[in-house]
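Presented below is the structure to which this report refers.
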Amino acid sequence: MNLKERFEWLMRMALLIFILAAASFLSAITAIRFAIHGREVEMPNLVGRTAADAQTMLSARGLRMKIADRVYSDLPAEQVVRQSPTPGMRMKVSQPVHVVLSLGRRTVTIPQLESKSLRGARIELLRLGLEVGEISNIYLPEFQSDAVVVQDPGPGTGATSPHVNLLVSAGARERAYIMPHLVGLDAAEAQRQLTAAGLRAVKTVPVTAPEWPPGTVTDQAPAHGARVAASVTIELRVAQ
């Protein structure tokens, strides 16, 4: 085989290898795309189905059902009221599907809870087969601490959910002061400034600090400029 024939043979082999490699690459891409799309299923319509039927439909598609909530509705108990995602959406296998199930019709009227204590509200709701939902707190000096200020749903409305959300008073916010700078002051003067600032609970800790004159405040906690509630104990380190 002369040089020209050898060169032509090498070119043919290189072309053949390139064609085989390209075919393998395209086959791999096709397989990946098929695998990705093969793991997607269409979301069925579950509304009006029983929980058991919905579970069966989802399991057949490789999906998981998760009960997000239960509400009162005109649908019979244990039937799906709402679903997420909505019907027709494409979903990957093993993804969870959130459903809201019906508790059936509810004739109970939401009771008056405002001005009751949180404990009293819990007892009243429990008596009616309802539950406390989200509880939020707010500082309101005009309301006693732990008193229900606002409820949702309001009193007298029909119960569409077993949960009643409550806004509860935390009473008056404790007065707070700005911590003065006390380091370097005589302990008696530091005490006087704290008293003038409305802070009376002081703990004095003796420390060995030869670089400071005896009776001088060498450190303080909380630090200067901190916001301090009136009930917080101030700690002063005083040189001996």
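The values are calculated or read from the model by the stated rules, or taken from the named source; none is laboratory data. Remember, predicted model here, so these are calculated numbers, not experimental data. Here the Cβ is made from the backbone with ideal geometry for all residues, glycine too, and neighbour counts use every protein chain on show.
When you look at R70, is it out of contact with any helix residue (DSSP H, G or I) (no Cβ under 7 Å at 6 or more places or on another chain), surrounded by 15 or more Cβ atoms within 10 Å (Cβ to Cβ), assigned to a loop (DSSP other than H, G, I, E, B) and among the charged types (D, E, K, R), yes or no?
Taking the combined requirement at face value, the residue does not satisfy it.
If a residue has to be at pLDDT 90 or above and outside any loop (DSSP other than H, G, I, E, B) to count, how many in segment 96-112 make the cut?
7
Check segment 227-235 and report whether any residue there is at pLDDT 90 or above, surrounded by 14 or more Cβ atoms within 10 Å (Cβ to Cβ), outside the structural domain of A68 (by TED's automatic domain parsing) and not acidic (D, E).
yes
Given V205, V132, which one is assigned to a strand (DSSP E or B), exposed (fewer than 14 other Cβ atoms within 10 Å of the Cβ), in contact (Cβ under 8 Å) with a residue 24 or more places away in the chain and touching a Leu at 6+ places or on another chain (Cβ under 8 Å)?
Checking each option against the conditions leaves just V205.
Condition test on E142, is it among the charged types (D, E, K, R), free of Cβ contacts under 8 Å to residues at least 12 places away in the same chain, farther than 30 Å from A52 by Cα and not in a helix (DSSP H, G or I)?
Yes, satisfied.
Check segment 146-157 and report whether any residue there is free of Cβ contacts under 8 Å to residues at least 40 places away in the same chain, assigned by TED's automatic domain parsing to the domain that holds E134, small (G, A, S) and at negative phi.
yes
Tell me the residue from V80, V93 that is modelled with pLDDT of 95 or more and outside the structural domain of P155 (by TED's automatic domain parsing), please.
V80
Would it be correct to say that R64 is touching a strand residue (DSSP E or B) at 6+ places or on another chain (Cβ under 8 Å) and at pLDDT below 90?
Taking the combined requirement at face value, the residue does not satisfy it.
When only residues in segment 143-159 that are at pLDDT below 90 and surrounded by fewer than 14 Cβ atoms within 10 Å (Cβ to Cβ) count, which is nearest to G120 (Cα to Cα)?
Once the filter is applied, the top-ranked residue is G156.
Please state which of the following conditions G184 fails to meet, knowing it meets all the rest: (1) in contact with a strand residue (DSSP E or B) (Cβ under 9 Å, 6 or more places away or on another chain); (2) closer than 30 Å to T218 by Cα; (3) not in a loop (DSSP other than H, G, I, E, B).
(3)
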